[in-house]
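Heads up: the structure comes next, in structure tokens.
The values are calculated or read from the model by the stated rules, or taken from the named source; none is laboratory data. On a predicted model such as this, the values are computed, not experimentally measured, just so you know. Note that each Cβ is placed from the backbone with ideal geometry, even for glycine, and that neighbours are counted across all protein chains shown. Please note that ligands, DNA and RNA were not included when accessible areas were found on the heavy atoms of the full protein model with its side chains. Shrake-Rupley method; radii C 1.70, N 1.55, O 1.52, S 1.80 Å.
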Amino acid sequence: MSSAAVPLSAPPSSVEAATLIVSYLEALGVEYVFGVPGGAIEPLYNALAVSMRRGGPRPVLARHEAGAAFMADGYARETGKLGVCCATSGPGATNLLTGVACAFDNSVPLLAITGQPALPLFGRGALQESACTGVNTVGMFRHCTRYNTLVSHVDQLENKLISALMQAMQAPHGPSHLSIPVDILRSRVHPRQSASVLRSLLVKPSLIDEDAVQTLAATVEHSRRMVLIIGAGCGEGIGAVVRFAEQTGSPFVTTPDAKGLINPHHRLYRGVFGFAGHVSAQEALRDNVDLTLAIGTSLGEWTSGAWSDSVLNHRLIHIDENPEHLMRSPMAQQHVRGRILTIFERLLDLMPPQSPPESAPALVLHRDQPRGQGVDITEAAKRDSDATPIKPQRLMHELSRRLPPTTRFVADAGNSTAWAIHHLELRNRRGGLRSVDRLSAPPASRGERRHDHAGWLRVLMDFAPMGWAIGAAVGIARGKPDCPVVCITGDGSYLMNGQEITVAAQEGLTVIFVVLNDAALGMVKHGQRLAGAEQIAFELPRIDYRLMAQAMGVAAHVIESPEDFQTLDMDAILQRGGPTLLDVRIDPEEVPPMSLRMQTLDTHPQ
């Protein structure tokens, strides 16, 4: 052996701890780290600068740390990769909390990295000290993460980093948090294993309980009339789930956060069940049903129709990968835990190859319905209203009609979510919508995690912060820049997080920000009216958001009528690159479909 050769037993060369972190992110295919820099996390940004120069992960500068977490959330949903956000110590970390909590409650894989002052300064009143000896941010993150730790010695770093990544990326998914003192980020560390090896540890297992699936198949076989509730957790397996519905002739409804997974013109689709949903979906679940399959849904307030007894009863079989979701249906006749794609592929294998007989009750239920007529839309006529100011229903109709089939819609908390869930569609998707596209796609191989299962509409359910959609839209567009993104947000949400539009401008991302401008916190206003409560603290100033956007270098338009919307050159907007803001002066008297929320608050008039 040459004296210049390195023996196999020689330890690997040491690297800076921050560099080690970036190398692991790169090994997982992470392209961007969303954050706001500061002194306590400076070594991580130094490592990202080196990485960026050689084509590795690079930073995206948010305007607020919560926006950074929302961006990482959107990026993870779009790409199927890990979303990564970072912040400095103290207020940087606390600003990050809302976004991390949002990812926790919505099972989004996220890694949050926060800095700390150097270890020798702990307990001495260092600037923005926020570990166990100051304002304890590590303690705060404990309640909204799957893994949370302070790295107190450089030799802990690699093991804790791997633990954080594995916990975030494996079911139940969610955020991990590493709090790292600045001196540890600068320290040298000897990597003990190859970062690329981690990929093999993160292979998604095809978990299946064969006995449970056999029992499920037998129950399905003896069912007279079955309905499926498709939840957001069905994304990866949506093709198999829809094939199962078709082969059994079973109508299906979706939870609000799963509407974007399916073709809303499918002959078996009966609408959204839950918040802002459709009467036809409620009727489908009460129409002499003897078996209900709830698939990939948390069965929380908004996804269970406020814990409706039409779902939570002995006719229910709950199928989910997340055991925490199954805990919410103790009255179900069966729980089936496992990977939804694998479960439904196995069910299809167990079913006879021929179509069910024409006389089967489940087939008769919707066999004669015209395509696209199976969903009852509240106040459908207002979708065609030419009134000024423009009706929100008409706006959703125009967005559905004018945007290309590859568009990703993101609806913000409040009225934006309600209008989008009930009225938004994608009408011009060639060959149908995303579920139809997936039916012809090859099945995922064992361990493969599909990156196309987030759907054309993304909304939040349980933990729903205002302004999430603004940051999430940037993250989605950064993850898939070739697809237009439409962020539907209210003026209240925009006043909270609208500064993130400048990130879309700086990154050159095609995002259309649609601001529903009614000079009010709309859901608060209408909720107070429906409840007969005091009308207070909902008014917002009348603002020209077009001028705000233009001051930031962003193209913008005011929309007051349907005619204004029709005069927009949408092709030019989409081809120009960079964001566009539409200040839409909607009719402030239109009440969104929010009766379910009022029912939960026990304030809806009888």
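Per-structure values
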item	result
LEU96 being at pLDDT 95 or above, over 14 Å from ALA168 (Cβ atoms), touching a helix residue (DSSP H, G or I) at 6+ places or on another chain (Cβ under 7 Å) and surrounded by 24 or more Cβ atoms within 10 Å (Cβ to Cβ)	yes
Residue ID - farthest from LEU150 (Cα to Cα), chosen from residues in the range 196-210 that are open to solvent by less than 80 Å² (accessible area, probe 1.4 Å) and not in a helix (DSSP H, G or I)	ASP209
Scan of the range 381-405 for residues that are of a type in the set (A, V, I, L, M), outside any strand (DSSP E or B) and touching a residue at least 12 places away in the same chain (Cβ under 8 Å), ordered by number	ALA387, LEU395, MET396, LEU399, LEU403
Residues of the range 127-151 that turn out to be of a type in the set (S, T, N, Q) and closer than 13 Å to PRO117 by Cβ, as a count	4
Verdict on ASP544 being touching a residue at least 24 places away in the same chain (Cβ under 8 Å), among the charged types (D, E, K, R) and open to solvent by 60 Å² or more (accessible area, probe 1.4 Å)	no
Residue selected from the range 180-218 under the condition more than 25 Å from the chain's Cα centre (by Cα) and among the hydroxyl-bearing types (Ser, Thr, Tyr), by the criterion farthest from ALA76 (Cα to Cα)	THR215
Filtered residues of the range 304-328 (kept if in contact (Cβ under 8 Å) with a residue 40 or more places away in the chain and farther than 27 Å from SER595 by Cβ)	ILE317, ILE319, ASP320, GLU321, ASN322, PRO323, GLU324
The range 174-196, subset hydroxyl-bearing (Ser, Thr, Tyr) and out of contact with any strand residue (DSSP E or B) (no Cβ under 6 Å at 6 or more places or on another chain), residue modelled with the lowest pLDDT	SER196
Failed criterion for THR79 (all others in (1) crowded, with 24+ Cβ neighbours inside 10 Å; (2) touching a residue at least 40 places away in the same chain (Cβ under 8 Å); (3) more than 26 Å from GLY139 (Cα to Cα) hold)	(1)
Candidate set: the range 142-184, residues that are in a strand (DSSP E or B) and among the β-branched types (Val, Ile, Thr); chosen: the one farthest from ALA18 (Cα to Cα)	THR149
Residue selected from the range 167-195 under the condition open to solvent by 50 Å² or more (accessible area, probe 1.4 Å) and touching a helix residue (DSSP H, G or I) at 6+ places or on another chain (Cβ under 7 Å), by the criterion nearest to GLY99 (Cα to Cα)	ARG186
Matching residues, the range 460-485, being more than 13 Å from the chain's Cα centre (by Cα) and more than 22 Å from GLU65 (Cβ to Cβ)	LYS480, PRO481, ASP482, CYS483, PRO484
Filter result for PHE70 (open to solvent by less than 10 Å² (accessible area, probe 1.4 Å) and over 15 Å from the mean Cα position of the chain (by Cα))	no
Scan of the range 18-46 for residues that are buried (at least 24 other Cβ atoms within 10 Å of the Cβ) and not aromatic (Phe, Trp, Tyr), ordered by number	ALA18, ILE21, VAL22, LEU25, VAL33, GLY35, ALA40, ILE41, LEU44
Subset of the range 550-606 that is on the phi > 0 side of the Ramachandran plot and at pLDDT below 95 - its residue that is least open to solvent (accessible area, probe 1.4 Å)	GLY577
Test result for VAL213, part of a helix (DSSP H, G or I), under 29 Å from VAL410 (Cα atoms) and open to solvent by less than 20 Å² (accessible area, probe 1.4 Å)	no
Verdict on GLN528 being among the polar types (S, T, N, Q) and in contact (Cβ under 8 Å) with a residue 24 or more places away in the chain	no
Subset of the range 43-91 [over 13 Å from ALA112 (Cα atoms), in a loop (DSSP other than H, G, I, E, B) and in contact with a strand residue (DSSP E or B) (Cβ under 7 Å, 6 or more places away or on another chain)]	PRO57, ALA62
Members of the range 107-123 found to be among the polar types (S, T, N, Q) and crowded, with 23+ Cβ neighbours inside 10 Å, listed by number	THR114, GLN116
Odd one out for GLY139, checked against (1) of a type in the set (Gly, Ala, Ser); (2) without any contact (Cβ under 8 Å) to a residue 40 or more places away in the chain; (3) not in a helix (DSSP H, G or I)	(3)
VAL253 being out of contact with any Lys or Arg (no Cβ under 7 Å at 6 or more places or on another chain) and either without any contact (Cβ under 8 Å) to a residue 40 or more places away in the chain or among the hydrophobic types (A, V, I, L, M, F, W, C) (or both)	no
Condition check for THR88: open to solvent by 20 Å² or more (accessible area, probe 1.4 Å), at pLDDT 95 or above, farther than 21 Å from SER196 by Cβ and among the β-branched types (Val, Ile, Thr)	no
Positions within the range 104-136 being assigned to a loop (DSSP other than H, G, I, E, B), modelled with pLDDT of 90 or more and hydroxyl-bearing (Ser, Thr, Tyr), in sequence order	SER107
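Rundown of residues vs (1) open to solvent by 40 Å² or more (accessible area, probe 1.4 Å); (2) at pLDDT below 95, yes/no style:
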| residue | (1), (2) |
| --- | --- |
| ILE390 | no, no |
| GLU398 | no, no |
| PHE409 | no, no |
| ASP412 | no, no |
| GLU425 | no, yes |
| ARG446 | yes, yes |
| ASP452 | yes, yes |
| VAL459 | no, no |
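Conditions tested, residue by residue: (1) open to solvent by 10 Å² or more (accessible area, probe 1.4 Å); (2) in contact with a Pro (Cβ under 8 Å, 6 or more places away or on another chain).
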position	(1), (2)
ALA232	yes, no
SER250	no, no
HIS266	yes, no
TYR269	no, yes
ALA276	no, yes
SER280	no, no
ASP287	yes, no
GLY296	no, no
LEU312	yes, no
